Amino acid sequence: MTTGTNAATVFCAGCDAERGTREETRTQALSVRGEPIAVVGQVLVCLACGQDITDPVRDDEVLVRAYNVYRTRHGLLLPREIRALRERYRLSQRAMAKLLGFGLITIQRYEAGALQDAAHDQLLRCFADPKTARAIADRHRGDVSPRQWQLFDQAAQAAADGKPIRPEVVPDLPTTDWETLATAVRYLVSRAAQRHLMVSRTKLLKLWWLADFLHFRSFARPITDVAYVALPRGPVPDRYKDYLWQLEDKGEIEEVETPYGPYEGYEYRVVDRESGESLAPTERACIEAVVDHFGSLSAAELSAMSHHEPLWPTFEADGRVPYEAAADLKMLDGLAEEARDRL
Ligand SMILES: [Zn+2]
């Protein structure tokens, strides 16, 4: 059955040329784990020679459909059920993988539609029971950050009590350039570590803000280009919780419990990675200047400093902290020259 003719041409191996195509809806016989499964799917056909044209996207759709038939037949969890299970416990993919003893790729593939093996499916089903989940996860407790464990523990407890907590869904973030953002934050954290400076959550947010504003003041553009808002403790990236969540989830930085320190009891670290390799020299210089200049101050001291800025009352008024304010920040006086000297 023909369902349509495509205007755009596609390369046909039979003709060895670009050809017009049409889509055919066809029942296809597939074999999933040795079991024959018939699914209806779209096939691309060459208008000139009539041959089927291989198309990875359509093939994937057909395969996922076949997997879902197989899952339903054998009582395996669907990809969206696996995802919902994870979100119910407020786990990132990375944290869920750690708590189950899976690889991160494994969870990512399952949620994307790859067919789980039977043993993994059984473990995931056990994980659906909050009490059992707690017992399974407890064996890998040391593999996730204390904060992640706390989120999981609260969610599992609430589910066990029959009062499930709404999942923490991370929406798409309004950053134009995730790679630069991640590299900059990683570099900031590792620079501080080199200097034996502790970077708590609040302190990271402060230094991030100062580095962006210093770069804007010195070179007329920010580094990470996130929006900043005024919170009671001073300017921070808008939606910083989502950014930190993603940075941790993608393994860019991790939050670990510190054995010392009067601040928050947690600090950020960079694990097993080169940092700063893809930053521009001006970006590196501003991050270094900010870390070296402010890194030894506590989060509370940095908050106090931002509150002493003459502009602070205007930030508080409308919530936004515009980049244009960088020129008038007393905290950055002298640092622009210092950043340029580092080049
Ligand atoms: Zn052809």
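Here Glu248 meets each of (1) modelled with pLDDT of 90 or more; (2) surrounded by fewer than 22 Cβ atoms within 10 Å (Cβ to Cβ); (3) within 17 Å of the chain's Cα centre (by Cα); (4) not aliphatic (A, V, I, L, M) with one exception, condition (1). Within the bounds of segment 38-45, is there any residue that is touching a residue at least 24 places away in the same chain (Cβ under 8 Å), exposed (fewer than 15 other Cβ atoms within 10 Å of the Cβ) and either in the same structural domain as Ala95 (by TED's automatic domain parsing) or within 16 Å of the ligand (Cβ to nearest atom) (or both)? There is no residue in segment 38-45 that is touching a residue at least 24 places away in the same chain (Cβ under 8 Å), exposed (fewer than 15 other Cβ atoms within 10 Å of the Cβ) and either in the same structural domain as Ala95 (by TED's automatic domain parsing) or within 16 Å of the ligand (Cβ to nearest atom) (or both).
Restricting the first member to segment 15-31 and to residues that are outside the structural domain of Asp60 (by TED's automatic domain parsing) and under 21 Å from Leu47 (Cβ atoms), and the second to residues that are within 14 Å of the ligand (Cβ to nearest atom) and charged (D, E, K, R), no beta-carbon pair is closer than 8 Å while six or more apart or on different chains. The lone criterion from (1) at pLDDT below 90; (2) closer than 30 Å to Asp59 by Cβ left unmet by Arg166 is number (2). Among the residues of segment 214-244, those that are within 19 Å of the chain's Cα centre (by Cα) and either of a type outside the set (Ser, Thr, Tyr) or part of a strand (DSSP E or B) (or both) comprise Ile223, Asp225, Val226, Ala227, Val236, Pro237, Asp238, Arg239, Lys241, Asp242, Leu244. The set of residues in segment 279-294 that are touching a helix residue (DSSP H, G or I) at 6+ places or on another chain (Cβ under 7 Å) and among the small types (Gly, Ala, Ser) comprises Ala285, Ala289.
Residue pairs whose Cβ atoms lie under 6 Å apart, sitting 6 or more positions apart in sequence or on different chains, and linking a residue in segment 46-67 that is away from the ligand (no atom under 16 Å from the Cβ) to a partner that is among the aliphatic types (A, V, I, L, M) and assigned to a loop (DSSP other than H, G, I, E, B), are Tyr67/Leu115.
Within the option set Leu279, Leu247, being of a type in the set (A, V, I, L, M, F, W, C), within 16 Å of Trp178 (Cα to Cα) and assigned to a loop (DSSP other than H, G, I, E, B) holds for one residue only, Leu279. When segment 169-196 is filtered for residues that are in contact with a helix residue (DSSP H, G or I) (Cβ under 7 Å, 6 or more places away or on another chain), in a loop (DSSP other than H, G, I, E, B) and modelled with pLDDT of 80 or more, only Arg195 remains.
The values are calculated or read from the model by the stated rules, or taken from the named source; none is laboratory data. From a predicted model like this one, the values you see are computed outputs, not experimental measurements. For neighbour counting, all protein chains shown are included, and Cβ atoms are generated from backbone atoms with ideal geometry for every residue, glycine included.
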